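Input: a single structure, listed below in structure tokens.
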Amino acid sequence: MKTLETQRLILRGFTEDDVDDAYEYCIDPEVGPAAGWAPHKNKAETMTIIRSFIEKQEVWAVVEKETDKVIGSLGLHLDTKRTSSDVKMIGYVLASPSWGKGYASEMVRRVLAYAFEELHLGMVSVYHYTFNERSKRVIEKAGFTFEGILRKAAKLPDGRITDDVCYSMTEHEYRILREKNK
């Protein structure tokens with residue numbers, strides 16, 4: 001995976017050495033369920049996930065430069081709700097002590113630049129559950145366009161069914177936003 005940098009973060013491929021840092025936020029009951037997965041039961045589960053990230057090469061470890069600690073992950077995946085090959089979906093999580101510091105907006109903006117300027121994607125999508133207000137704010141600050149709500153589109157780890165709130169950004173919209181923010 002290509003390593004990406006922001007002012008305060010490094011986005012790089014995961015390594016097995018990241019298991020302790022990742023496990024620390026993966027067991028937090030505030031983190032996983034908001035992203036659609038149950039808190040991890042043990043480090044072996046975290047290691048299995050990290051190995052799948054390493055194999056698939058589509059999820060970055062989010063490293064705080066100041067501490068050199070992995071504080072989250074950000075993926076750029078195929079959007080299974082769409083058939084176009086030039087569309088990817090962003091998904092991300094951050095350790096709860098890192099919330100409210102602007103890290104999520106910073107890393108999403110950097111990956112959008114990579115997606116449109118280097119991968120030449122036509123569109124990037126992102127989704128959040130109706131109850132995830134933090135993610136909604138990140139998505140709106142990044143400049144995504146609200147598309148609508150897919151009702152009863154996702155099953156949560158506790159078995160409840162919830163809605164997916166859908167957003168996207170086209171390459172053209174990205175270019176307009178980039179010019180506006182210069």
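The values are calculated or read from the model by the stated rules, or taken from the named source; none is laboratory data. Being a predicted model, the structure only gives us computed values, none of them experimental. Counting neighbours? That spans all protein chains shown, and the Cβs are built from the backbone with ideal geometry, glycine included. The accessibility values were calculated without ligands, DNA or RNA, using every heavy atom of the protein model including side chains. Shrake-Rupley method; radii C 1.70, N 1.55, O 1.52, S 1.80 Å.
Things to note:
- Probe 1.4 Å - accessible area at V59, Å² to nearest ten: 10
- Here the chain exposes an accessible surface that is 50 percent carbon and sulfur, computed with a 1.4 Å probe and the other protein chains kept in place.
- Pair K101, I176: separation of 7 Å Cα→Cβ label points (nm): 3.4
- Segment 74-182 shape via C-alpha gyration tensor axes, a/c threshold 1.5: oblate
- Area accessible to solvent at L76, 1.4 Å probe radius, in Å²: 10
- Values (1) -0.30, -1.00, -1.16; (2) -0.24, -1.02, -1.32; (3) -0.44, -1.05, -1.21 are given for comparison; log10 I(q)/I(0) by the Debye sum over Cα atoms at q = 0.08, 0.16, 0.18 Å⁻¹, derived from the coordinates here, is the one labelled (2).
- Loop-located chymotrypsin sites (Phe, Trp or Tyr not before Pro) in segment 1-82 (DSSP state other than H, G, I, E, B) with a sparse environment of at most 16 neighbouring Cβ atoms within 10 Å: W37.
- Highest-fluctuation residue, D17, D28, D79 considered, GNM on the chain with Cα pairs under 10 Å: D17
- Mean separation of Cα contacts under 8 Å, 6 or more apart, over the residue count of segment 24-182: relative contact order %: 19
- Sorting S84, S135 on solvent-accessible area from highest to lowest, probe radius 1.4 Å, gives S84, S135.
- Sparsely packed GluC sites (Glu not before Pro) within segment 25-108, loop by DSSP, other Cβ within 10 Å at most 13: E30, E66
- Here segment 58-100 is scanned for amide nitrogen atoms under 17 Å from the site 7 Å beyond the Cα of E140 along Cα-to-Cβ, giving 100.
- With the helix formula -39500 (n - 2.57) applied to DSSP H stretches of n ≥ 4, the chain reaches a computed 222 nm mean residue ellipticity of -9000 deg cm²/dmol.
- Solvent-accessible surface of segment 29-107, taken per residue with a 1.4 Å probe and all protein chains present: 50 Å².
- Legend: residue pairs K2/K81; K43/K65; K152/K182; K69/K182; K101/K180; K2/K152, Cα-Cα distance threshold 28 Å; pairs beyond threshold, K152/K182; K69/K182; K2/K152.
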